[in-house]
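Values in this text are rule-based calculations from the coordinates and carry no lab data. Keep in mind the model is a prediction, meaning the values are calculated, not measured. Here the Cβ positions follow ideal geometry from the backbone for every residue, glycine too, while neighbour counts run over all protein chains shown.
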Number of protein chains: 2
Amino acid sequence: MRVIEVPSQMREIVLSERHSGKKVGFVPTMGYFHDGHLELMRRARAECEIVVVSIFVNPTQFGPAEDFEAYPRDFERDCSMAEKEGVDYIFHPNREAMYPHGFQTYVEVQELSKVMCGASRPGHFRGVATVCAKLFNIIPANRAYFGQKDAQQLLIIKRMVEDLNFPIEIVGVPTVREKDGLAMSSRNTYLSEEERKQATVLYQSLERARKLIESGERNSSVIAGEMEKVISSAPLVRLEYISICDNIYLRELEKLKGEILIGVAARVGKARLIDNVVINVQ
Amino acid sequence: MRVIEVPSQMREIVLSERHSGKKVGFVPTMGYFHDGHLELMRRARAECEIVVVSIFVNPTQFGPAEDFEAYPRDFERDCSMAEKEGVDYIFHPNREAMYPHGFQTYVEVQELSKVMCGASRPGHFRGVATVCAKLFNIIPANRAYFGQKDAQQLLIIKRMVEDLNFPIEIVGVPTVREKDGLAMSSRNTYLSEEERKQATVLYQSLERARKLIESGERNSSVIAGEMEKVISSAPLVRLEYISICDNIYLRELEKLKGEILIGVAARVGKARLIDNVVINVQ
């Protein structure tokens, strides 16, 4: 496994692998790997001859009051975990290589970035779209792998790729969960023991929604109300939003129909946690 | 010469030409060719084995009160002119192919888009940057050729390419002028005979500035004042701005030093005309 820091060098390597006929899979990350990241690498490893993982805590997707500085980092540990998964290249640029003096270009996916997490994190998805546009040019892979846990991010990246004609296939990979259902996240490390226990209500609220839908409920207010009840049983969990919407444009639905996304976000201690489920409603 | 309308097909053709070792030059245009466009094609023809010209009147770079509908179009004439220049491919997509239902992603080069023409044309350069990002993905050429006449556009595209790591070289090509100095522009067709005559004051004001600088003047207010005098001699020419700035960040200069851009914009009848000169000041 090689670690590459220079964008132009990374690009040359990927081009040369592709010219020799190899399929390249790319996993963009901010590091501090957990099983969710490893699952993306495994999927890429299974589907592609060359696997490139980027590790870059992207400053432009953090708001001024957010946790850019505190975001957990452990590059050595990440490298050894990636190597065990058979990753071929780690792309690990520094901030100056990605955002040199004079940088001023941003990519914005407009409507999709305004709702859900976008409402409380202005500029977040602009930063995500911008860094992904850069990474897709630096790492011209056949496929890029994103976790379904960040459902809104996944839709935004798919939309950007389609709208700007990026020649890459975006693959969504199912959320990896702890045994009690909590979605894996680097930010789970911010939780105290008690917060960690109570954080499972996010998953439980989604399971409650799924069961209601299975039993025939189609009214989103009723479902959201029941989810709120589940979440309010955990006093350390402060609900930010419950969103029940279509899984393309993220438009809120009154009556459920088609492929729907139920997303939930909450603050638990110092952490802001999100989770979601996608359900096909007949 | 082949005309291609489908983005994915255009991309496949360019990739296949490049895989066979050929250098591809790309000239993005809105059609209605004049000698300025042809000069871009000649330069591409001289430097590259394959020349691709796009013809697309891009709706996202026109404001709601601007001349998108009135913009001159003559596809048949354009094709025969391009063929004479030895162009290999014309990319001629329709609006739906470029901006399908649900499109919502825009590329914005922030500071550079706010000044000069950006001040009176909000959203214009966002539209330009967005369509160029799309075109650079659809037509993965080695080089793209832009006219120096649109100096701000050229800087914005160069900045976008650098900021988003697009793997393409941007080449600026000197402005082509009529015998009396008027910069060639598709919008010159909007001018009446008398307006056409008076429009030459834009070029004359730039020549006046050049001579002042050659004779040692370094104070931009003095130069702008002299330029205004030249322009005000033409009653049909309504000055919009004179900008004297550095040729990277477009920051207004009080004292001239280094590579400077002098830009001028004016309304003449129904036309909005621009012109500029780049001067190296010791």
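Overall form of the protein assembly as shown: prolate. Here a/c, set by the Cα gyration tensor axes a ≥ b ≥ c, is 1.5 or more, and a/b is the larger of a/b and b/c.
For the range A:113-129, putting each phi into the Karplus relation 6.51 cos²θ - 1.76 cosθ + 1.60 with θ = phi - 60° gives couplings of 8, 8, 9, 6, 4, x, 5, 9, 10, x, x, 4, 6, 4, x, 5, 5 Hz, in residue order, rounded to whole numbers and with x for Gly and Pro. Coupling constants for the range B:4-13 follow from the phi torsions by the Karplus curve (6.51 cos²θ - 1.76 cosθ + 1.60, θ = phi - 60°), and in residue order they are 10, 10, 9, x, 5, 5, 4, 4, 4, 5 Hz; glycine and proline get x. Looking at the protein assembly as shown alone, DSSP beta bridges between its own residues are antiparallel in about 55 percent of cases.
Each other copy holds its own label point for residue B:215; taking that point as 7 Å from Cα along Cα to Cβ, the gaps run 9.1 nm, nearest first. If I model a spin label at residue A:255 and residue A:219 as a point 7 Å from the Cα along the Cα→Cβ vector, what separation in nanometres do I get? Calculated label separation equals 1.3 nm. Between the helical axis of B:35-47 and the longest alpha-carbon principal axis of chain B there is an angle of about 60 degrees.
Mind ordering B:118-129, B:154-165, A:242-253 by average Cβ neighbours within 10 Å, highest first?
On the way: B:118-129: 19.5, B:154-165: 22.2, A:242-253: 17.2.
Listed from highest to lowest mean packing, they are B:154-165, B:118-129, A:242-253.
Note on chain B: GNM, Cα springs under 10 Å; of B:134, B:179, B:257, the largest mean-square fluctuation is that of B:179. Annotation: amide H of residue A:241 within the under-5 Å range of A:265, sequence separation 5 or more or interchain, hydrogens built in the peptide plane.
Taking every DSSP beta bridge that has both residues in chain A, what percent is antiparallel when rounded to the nearest 5?
Details: 23 of 42 bridges.
Counting only bridges with both partners in chain A, antiparallel ones make up about 55 percent.
Going by a ≥ b ≥ c, the root eigenvalues of the Cα gyration tensor, does the range B:1-50 fall in the rounded group (a/c under 1.5), the prolate group (a/b larger than b/c) or the oblate group? It comes out oblate by the Cα gyration axes. Converting phi to 3J(HN,Hα) with the Karplus coefficients 6.51, -1.76 and 1.60 and the offset θ = phi - 60°, the range A:61-78 yields 9, 9, x, x, 9, 8, 9, 4, 5, 7, 3, x, 9, 7, 5, 5, 4, 4 Hz in sequence order, with x at every glycine or proline.
With all pairs of different alpha carbon atoms counted, what Kirkwood hydrodynamic radius in Å does the range A:61-152 show? Kindly include the intermediate steps, with their values, before the conclusion.
On the way: mean 1/r = 0.0646 Å⁻¹.
After inverting the mean inverse Cα-Cα distance, the result is 15.5 Å.
The mean number of partner chain beta-carbon atoms within 10 angstrom of a residue's beta-carbon across peptide A:162-174 is 4. Dividing the summed helix terms, -39500 (n - 2.57) for each DSSP H run of n ≥ 4, by the number of residues in the protein assembly as shown produces a 222 nm estimate of -11000 deg cm²/dmol to the nearest 500. With a cut-off of 19 Å, note down the residues of the range A:53-87 whose backbone N falls inside the zone around a label point 7 Å from the Cα of residue A:178 toward its beta carbon. Residues A:71-73 fall inside that zone. Comparing B:232, B:113, B:186 in a Gaussian network model of chain B where C-alpha atoms under 10 Å apart are linked, the largest mean-square fluctuation is found at B:232. Springs between Cα atoms under 10 Å define the GNM used for chain A, and in it the highest mean-square fluctuation of A:263, A:225, A:36 occurs at A:225. Summarising the amide proton neighbourhood of residue B:54: residues at separation of 5 or more, or on other chains, whose placed amide H is nearer than 5 Å comprise B:27, B:29, B:91. To the nearest ten degrees, helix A:220-232 and the longest principal axis of the Cα atoms of chain A are 80 degrees apart. Write out the GluC sites (Glu not before Pro) in the range A:1-83 meeting two conditions: DSSP loop, and at most 13 other Cβ atoms within 10 Å of their Cβ. Counting only loop positions with at most 13 other Cβ atoms within 10 Å, the GluC sites (Glu not before Pro) in the range A:1-83 are A:5, A:69. Farthest towards the positive end of the charge dipole of the range B:66-121, among the residues B:75, B:102, B:89, is the Cα of B:102, using unit charges on the Cβ of Lys, Arg, Asp and Glu.
How would you classify the range A:2-173 from its alpha-carbon gyration tensor, with a ≥ b ≥ c the square roots of the eigenvalues: rounded for a/c under 1.5, else prolate if a/b is greater than b/c, otherwise oblate? Note, shape of the range A:2-173 comes out rounded. With R₀ fixed at 30 Å, the C-beta to C-beta distance from residue A:46 to residue A:76 puts the FRET efficiency at about 0.70.
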